[in-house]
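Everything on this sheet refers to the single structure shown next.
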Amino acid sequence: DSDYASLVHDIYVNCSRYIKLGKSYGEPFTSTNGSGQGDVYSIVAAIALVSDQFRYIEAKYPNIKMGSCVDDRNIRGSFEDVTNAFLDMAQYDKMAGHFNNVHKLAMAATTPQGKKKIQKFNVGTQIQPVYPRFCTVEKNVGDYINTSRRNATSQIDKRAVYAIKAAVRTTRCPATQSLKSKGVSTLVIPRLLKGTQWTIPSSKNINKL
């Protein structure tokens, strides 16, 4: 709808924004780019960036695997492929106007040799070097990553408990069985599956659910 698009455009052109720090607000200012936090349009921009970028990276590095939750991305593969792909993605982001905080970069390895290589991988500059944070279990947006031999269930069990609480509320709500079934399929199951790409909950929580 062109009228709706014009409405959104007018809102952003004429609105004033504030930066909130704690309970305090900064001085109002006018922004010339970006969308408001929580605006659904911001997701469209993120998906467009990541989708096109993934096609580029997959064509250049066919052996790696990638995943994302909006613009929070993860890459899996050999050390050489992962590091080179990261550098290409960082350059791609810069050219697209997307800011990355390299201090938040986390990397994992399945071998001690891989860990040593990661600890020497500088993602900053020669003047201000920045090295990735090494992890074996990482809580990623939308997922939990585990590289240890033993299944790390502590984080995904929190997701299972979250789903169990939703299941209890759904089954106890004053609604028909048909609506409750829809609640289970559209609320409970998605809440559980959201973080199970890498790990699965403990059998105790699976049985309880």
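The values are calculated or read from the model by the stated rules, or taken from the named source; none is laboratory data. A quick note: this is a predicted structure, and the numbers were derived from the prediction, not measured. Cβ: placed from backbone, ideal geometry, glycine included. Neighbour counts: every protein chain shown. The protein model used for the area step is the full one, side chains on, heavy atoms only, and it has no ligands, DNA or RNA in it. Shrake-Rupley method; radii C 1.70, N 1.55, O 1.52, S 1.80 Å.
Miscellaneous remarks
- Comparison of Asp81, Asp72 shows that the only residue that is among the charged types (D, E, K, R) and touching a residue at least 60 places away in the same chain (Cβ under 8 Å) is Asp72.
- Yes/no for Ile64 being over 19 Å from Ala96 (Cβ atoms), open to solvent by less than 90 Å² (accessible area, probe 1.4 Å) and not charged (D, E, K, R): yes
- Scanning segment 37-61 for residues that are of a type in the set (Phe, Trp, Tyr) and open to solvent by 50 Å² or more (accessible area, probe 1.4 Å), we see that the one that is farthest from Ala108 (Cα to Cα) is Tyr41.
- Counting the residues of segment 84-102 that are under 27 Å from Gln113 (Cα atoms), modelled with pLDDT of 90 or more and in contact with a helix residue (DSSP H, G or I) (Cβ under 8 Å, 6 or more places away or on another chain) gives 4.
- Check on Val70, within 18 Å of the chain's Cα centre (by Cα) and either of a type in the set (Phe, Trp, Tyr) or open to solvent by less than 90 Å² (accessible area, probe 1.4 Å) (or both): yes
- The lone criterion from (1) surrounded by 16 or more Cβ atoms within 10 Å (Cβ to Cβ); (2) of a type outside the set (D, E, K, R); (3) farther than 20 Å from Leu209 by Cα; (4) at pLDDT 85 or above left unmet by Ile145 is number (4).
Okay, residues lined up against (1) assigned to a helix (DSSP H, G or I); (2) within 29 Å of Asn84 (Cα to Cα); (3) at pLDDT 85 or above; (4) among the aliphatic types (A, V, I, L, M):
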site	(1), (2), (3), (4)
Ala109	no, yes, yes, yes
Ile118	yes, yes, yes, yes
Lys139	no, yes, no, no
Ala163	yes, no, yes, yes
Ala167	yes, no, yes, yes
Ala175	no, no, yes, yes
Leu179	yes, no, yes, yes
Lys182	yes, no, yes, no
Gln197	no, yes, no, no
